[in-house]
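Colleague: Please read through the structure below; I'll follow up with questions.
The values are calculated or read from the model by the stated rules, or taken from the named source; none is laboratory data. Note that the structure is a prediction, hence the values are computed from the model and not measured. Reconstructed Cβ throughout: ideal geometry from the backbone, glycine too, with neighbour counts over all protein chains shown. Side chains included, ligands, DNA and RNA excluded: accessible areas come from the protein's heavy atoms. Shrake-Rupley method; radii C 1.70, N 1.55, O 1.52, S 1.80 Å.
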Amino acid sequence: MLAAFLVAAACLNFRVATVQPAIRAEMDESGLRTSIRIDVPEGLPRDVPVIRSRNRRAALKLRPAPIGGPASATRPMPYLLDLRDQLDFERAAALLAGTSMSRQAQRAWVIDALAGIAARSQKRLQPLLEELQRKGEISSFTQISIVNRLVVVGRPSAIRTLSESAEVDSIARRVEAEGSLFDDAAAQSNVDPVPSAWALDAIGAPEMWRTGIDGSGVTVGLIDSGASNLHEQLRGNYRGGPSSWFDPLHESPGPNDVQTGHGTAVLSCAVGQGRNDVTFGAAPGARWVAAVGLNGSRYDNVLVTRAADWMLNVAQPDVLVLAFRAPGTGCDDSLRRIVNAFRAAEIVVIFAAGNAGPDPRTDVSPANYSQLFPGSGSALSVGAVDSARKGDPRSSRGPSRCGGILFPQIVAPGTDVPVAAAAGTSLYRRATGTSFAAGYVAGASALLLQQFPHAKVDQIEEALRRSAIDLGPPGPDSTYGYGLISVPAAMEYLRSRVLSQ
């Protein structure tokens, strides 16, 4: 099984590093801090920092516990098994800060590092997995590397057996919950797309197009319920090929968005190419890729895991839109390692702030994450404003419950904006929600990356924050964050800092 995994990974341009034994180890309160050595090109760090969690009793590994009962005694179910060895992002940030790697080189190193950790510890669990599979206790298992994780479909008895392994750190059942950030307003089909101009004018995108900056050479990714490459807004810049679409839910061979149309609408704000000289997306020259991570409008932790793993290892976009929320309240840390991996791989991640406003502390995860890679980075959460630059009443407010940071970080147009409707190739509707605001910010990020292809994730984020147009009371606040994004101002911010370094 491991050999098959390695062959399949190679076919997907997923480079699994050759791993040598651990070279040093020290224990602290969080667990064992050690390292593994990987084979990488000359000049790149060969030692990968690893943190190994403290081994716990089997009963403490099951979330929620216990697993079993009459209804589920024999039926195979999906579970997420996180293994004890994980990339130590804190030490990795310090390690990478001491290098002069390009964005692409750092991405390749992070992918190799994560793959090396996963291959090493998953190999140790391989005999037990194969034995349980021979006995019919496990019907399948999928190896994941964005987090050192296994997606196991098995009976509760097999999961209890796996919980006794020292390699396993925690086990979670499949979680399905209303976790999308979809617009609740009634859709209007076949609306006039001309009003989209206000949103693009508000962020200064047309000014950039006139100088030849339209997102060319940049790829925008989306994890959602689907996406359509048949709509006139998106059919011209779908990247195409097996590295551009992944559907772990229905295994459809090509892009589709028949469930909700939400992904198509968000992408049209980011990279829509226009109709009759009316451009929809902030970066119409950028290409797009997508993966199914939601079951309709429902969050699914298994689908998200598989979609995220594919997005990092196969699609490798430069910008990624996450317009969904984890089902937990307050600060739900279940997606933190995935978000850290994207950021470490130099993928700019744009988060919809949520549609639970106007009350304070209506923030959602992962948009409210703080203390992210590198250092103490904060998730780039995006709230929504209307054409008068007023905060949408439904746009979620802060402060963040994941550390009290500013939430949202920025705002963008997201009230009554025309978007592509997946029900037809030339249908449109008007929509309201922070998902669409996040789409515009994703497009804006693509414009910045075209002009500054060597800018790091934190530099792009900082430019969008620090150059934003202040709205509401003077200074950052929990309705508008730093303010409304301005692409021309962000360009100048980067020009004055990136080029001077």
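Colleague: Within the range 96-112, can one find any residue that is of a type in the set (A, V, I, L, M, F, W, C) and open to solvent by 50 Å² or more (accessible area, probe 1.4 Å)?
Modeller: Yes, that holds for at least one residue.
Colleague: Related question: Just a yes or no: is a residue in the range 368-375 under 17 Å from Asp224 (Cβ atoms), assigned to a loop (DSSP other than H, G, I, E, B) and touching a Lys or Arg at 6+ places or on another chain (Cβ under 6 Å)?
Modeller: Looking for residues that are under 17 Å from Asp224 (Cβ atoms), assigned to a loop (DSSP other than H, G, I, E, B) and touching a Lys or Arg at 6+ places or on another chain (Cβ under 6 Å), one finds none in the range 368-375, hence no.
Colleague: Moving on. Could you check, for the range 6-28, whether at least one of its residues is in a loop (DSSP other than H, G, I, E, B), modelled with pLDDT of 80 or more, open to solvent by less than 40 Å² (accessible area, probe 1.4 Å) and under 29 Å from Gly154 (Cβ atoms)?
Modeller: Checked against the condition, which is being in a loop (DSSP other than H, G, I, E, B), modelled with pLDDT of 80 or more, open to solvent by less than 40 Å² (accessible area, probe 1.4 Å) and under 29 Å from Gly154 (Cβ atoms), the range 6-28 yields no hits at all.
Colleague: Shifting gears a bit: If I ask for residues that are within 20 Å of the chain's Cα centre (by Cα) and in a helix (DSSP H, G or I), which ones from the range 450-462 would you list?
Modeller: Residues satisfying the conditions are Val457, Asp458, Gln459, Ile460, Glu461, Glu462.
Yes/no per residue for (1) within 26 Å of Val151 (Cα to Cα); (2) touching a Leu at 6+ places or on another chain (Cβ under 9 Å):
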site	(1), (2)
Trp245	yes, no
Asn256	yes, yes
Gln259	yes, yes
Gly274	no, no
Gly281	no, yes
Leu294	yes, yes
Tyr299	yes, no
Pro317	yes, yes
Arg336	yes, yes
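One line per residue, one yes/no per condition, for (1) over 18 Å from Pro418 (Cα atoms); (2) assigned to a loop (DSSP other than H, G, I, E, B); (3) among the polar types (S, T, N, Q); (4) at pLDDT 95 or above:
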| residue | (1), (2), (3), (4) |
| --- | --- |
| Ala202 | no, no, no, yes |
| Val220 | yes, no, no, yes |
| Ile223 | yes, no, no, yes |
| Glu232 | no, yes, no, no |
| Ser243 | yes, yes, yes, yes |
| Val258 | yes, yes, no, no |
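Colleague: Among the strands (runs of 3 or more DSSP E) lying completely within the range 284-336, list those that include at least 1 residues that are among the small types (Gly, Ala, Ser).
Modeller: 287-292
Colleague: List the residue pairs whose Cβ atoms are under 9 Å apart, where the first residue sits in the range 411-429 and is of a type in the set (Lys, Arg), the second is part of a strand (DSSP E or B), and the two are 6 or more positions apart or on different chains.
Modeller: Final answer for the pair search is Arg429/Pro418; Arg429/Val419; Arg429/Ala420; Arg429/Ala421.
Colleague: Inside the range 392-449, can you point out the residues that are more than 19 Å from Val321 (Cβ to Cβ), part of a strand (DSSP E or B) and open to solvent by less than 30 Å² (accessible area, probe 1.4 Å)?
Modeller: Result: Tyr428, single match.
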